[in-house]
Amino acid sequence: MKYMREFLKNEDRESFDNFWENSQKLVWIDWREYDEAIINYIEGVIQSGELSGKSKDVDNEMGFDIFIEWKGKEYKISYPNKEGSDRDTTIKTLNKIIQPEYEIRLFMESLGNDTLAFVPLLKSKWEELEKEFGEEKVNYYFSKIDDESKMFDLDMNELFEILDKRKEIKNFFD
């Protein structure tokens, strides 16, 4: 949390670089990542001892189903495209399941890459950060994920529109 707080406090290139390079809270997910691996990466950060992901071979169009195990219960991820899994659905479903205890947010400064950064924290830690730095600032850098969120599924026009709007608001990379 040290690097994250420093970044939110200073909002400068040095603090950004420190957070980007040193934070143990960032979970990097590639667009080609195995969905069950995403779940296990999140567990690697939150270290609950109660979260895992697994794939089971089944007789369906995908040939498998992905399951999230959380606190002794197993949840099957329902993908909209019956021919394959997708990162957005996995992350949104996982985020719903681990709430209200934890919350995963997208680190918006990673948007535009094929590998995106996510930050899973206790919900109470997100509330602390919002109280300390303001909800608007925290949400600007760490976007809440809901059913309407697009992360890996953004088309290029949507992506550039978001990036252009963000540059108008704040750009400490110039």
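Each value in this text was obtained by applying a stated rule to the coordinates, not by laboratory testing. On a predicted model such as this, the values are computed, not experimentally measured, just so you know. We place every Cβ from the backbone using ideal geometry, glycine too, and count neighbours over all the protein chains shown.
May I ask you to list the residues in the range 19-40 that are surrounded by 15 or more Cβ atoms within 10 Å (Cβ to Cβ) and closer than 17 Å to residue 108 by Cβ?
Answer for the range 19-40, where residues must be surrounded by 15 or more Cβ atoms within 10 Å (Cβ to Cβ) and closer than 17 Å to residue 108 by Cβ: 19, 20, 23, 25, 26, 27, 29.
Search the range 96-114 for residues that are within 18 Å of residue 166 (Cβ to Cβ) and pair each with any residue that is assigned to a loop (DSSP other than H, G, I, E, B) and of a type in the set (Val, Ile, Thr) when their beta-carbon atoms are under 7 Å apart and the residues are at least 6 apart or on different chains.
Listed by first residue and then by second, the contacts come to 105/145; 106/145.
Closer than 17 Å to residue 40 by Cβ and crowded, with 19+ Cβ neighbours inside 10 Å, is that true of residue 91?
Spelling it out, residue 91 is indeed closer than 17 Å to residue 40 by Cβ and crowded, with 19+ Cβ neighbours inside 10 Å.
Being acidic (Asp, Glu), buried (at least 16 other Cβ atoms within 10 Å of the Cβ) and free of Cβ contacts under 8 Å to residues at least 40 places away in the same chain narrows it down to one of 69, 50, so name that one.
69
Applying the selection to the range 10-31, what residues are hydrophobic (A, V, I, L, M, F, W, C), touching a residue at least 60 places away in the same chain (Cβ under 8 Å) and assigned to a helix (DSSP H, G or I)?
Within the range 10-31, 16, 20 qualify.
Please go through (1) among the aliphatic types (A, V, I, L, M); (2) crowded, with 18+ Cβ neighbours inside 10 Å; (3) over 22 Å from residue 35 (Cα atoms) for residue 116 and return the number of the only condition it doesn't satisfy.
(3)
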